[in-house]
Amino acid sequence: MSDFILYSYQCRPMHIEVDAQHPSIDPEQDKLYNQQADEAMARHQELFDELFSAQDINNFKKGDNLFFLHKGNYYGGKIVMNKDGIIMLRLQKSKFKEYEINYKIVTLKEEPSSLVIIDNRFEQQRILIERNKNTFQPKTIATILEKNIGAQLKKNRVGIKVKLVYRKEMFWSIVKDYERGIKKMVFDFPYPNMARPMDKLGASLKKFGIDTKSKVRLTATAQRKDFLVIAPKEENEELDEIVSYLSEVGSPVEIYLVSGHKVKCFSEENPIIVDVKQGITEYRGIEDKDQLFDNRICNSVIELLNSLKKINYPCRAKPLK
């Protein structure tokens, strides 16, 4: 198995979606927002599909070969799968090394690569990036993807952000550990906001941010000489939705303690690490002409990505009896 780091990607301009079971704005506006949300999401997916399916894109793609610009140099890439909304590609980091062969020093070119799995299916917007010490760091690959894909999407007036995904359970663990010791919490909502999750307070905040073209900050501060009273996750649906959203888009949550200390809730030092089967990481495309094997790999990747859906999805409060 190999380790992968979980990222999410968000395209802009963003849109608003409201859960029909939890209306937060005018019902007729809800319908309009949901229609716009579906249309925008579908359009973003189409652009991704067109980008990686096109035969030739100047300075970016030729056949299955990709070219990524990074710090003034182009690095090679190759699409090994583009099927059912799943895009798998490998990104190379070419380098030269000296070896002694038959008593002679020779310089050979090495081309190690990292696997990138993009989940472009409806509502997912996730990216898995392999940790490979012989190539780029995952955060560098995330930056390379963001800049190069963004340069292509810009032609359609669409932007992209690639951010780490954090486990929202980190937040709830801190809340539990400092049950009577939290003085203030600060939530930063990026602009433009991600499409999902989006219910109740989230919808109103998103609309406010879009209307004012601003980042929205939500602060909860206890009264003087007091502490915040925070209900458990299972009884606190609204807060869980906010934390679910922010953990998915890699936005910080600041927690200030009564003692005066500050707790870092989401940190790059604690990414979500995913184990990926060796069969997937060794896959190099359908050059082996084994269609059955190709389908098995595709099914394995879909199974892997589906297993990640549960991460950060907001909990639902139990219905009142």
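Miscellaneous remarks
- Among residues of the stretch 111-131 being out of contact with any Asp or Glu (no Cβ under 9 Å at 6 or more places or on another chain) and assigned to a loop (DSSP other than H, G, I, E, B), the one that is farthest from PHE60 (Cα to Cα) is GLU123.
- Selection count where residues are open to solvent by 70 Å² or more (accessible area, probe 1.4 Å) and on the phi > 0 side of the Ramachandran plot, scope the stretch 45-85: 3
- GLN125 meets all of the listed conditions (1) touching a residue at least 40 places away in the same chain (Cβ under 8 Å); (2) at negative phi; (3) buried (at least 16 other Cβ atoms within 10 Å of the Cβ) but one, namely (2).
- Flag if TYR103 is in contact with a strand residue (DSSP E or B) (Cβ under 6 Å, 6 or more places away or on another chain) and either among the acidic types (Asp, Glu) or more than 30 Å from ILE230 (Cα to Cα) (or both): no
- Subset of the stretch 173-227 (residues that are at pLDDT below 85, basic (Lys, Arg) and either under 13 Å from LEU257 (Cα atoms) or open to solvent by 80 Å² or more (accessible area, probe 1.4 Å) (or both)): LYS213, LYS215, ARG217, ARG224, LYS225
- Long-range neighbours under 6 Å by Cβ, at least six apart or interchain, first residue under 30 Å from ASN73 (Cα atoms) within the stretch 94-107, second part of a loop (DSSP other than H, G, I, E, B) and not hydroxyl-bearing (Ser, Thr, Tyr): SER94/GLU111
- Looking across the stretch 240-283, the residues that are free of Cβ contacts under 8 Å to residues at least 12 places away in the same chain, part of a loop (DSSP other than H, G, I, E, B) and closer than 16 Å to GLY181 by Cβ come down to GLY260, HIS261.
- Matching residues in the stretch 86-110 - criterion: being surrounded by 11 or more Cβ atoms within 10 Å (Cβ to Cβ) and assigned to a strand (DSSP E or B): ILE86, ILE87, MET88, LEU89, ARG90, LEU91, GLN92, LYS95, GLU110
The values are calculated or read from the model by the stated rules, or taken from the named source; none is laboratory data. Computed from a predicted structure; not experimentally measured. As a convention, Cβ positions derive from the backbone with ideal geometry for all residues, glycine included, and neighbour counts pool all protein chains shown. Each accessible area value is taken on the protein alone, full model and side chains, heavy atoms only, with ligands, DNA and RNA left out. Shrake-Rupley method; radii C 1.70, N 1.55, O 1.52, S 1.80 Å.
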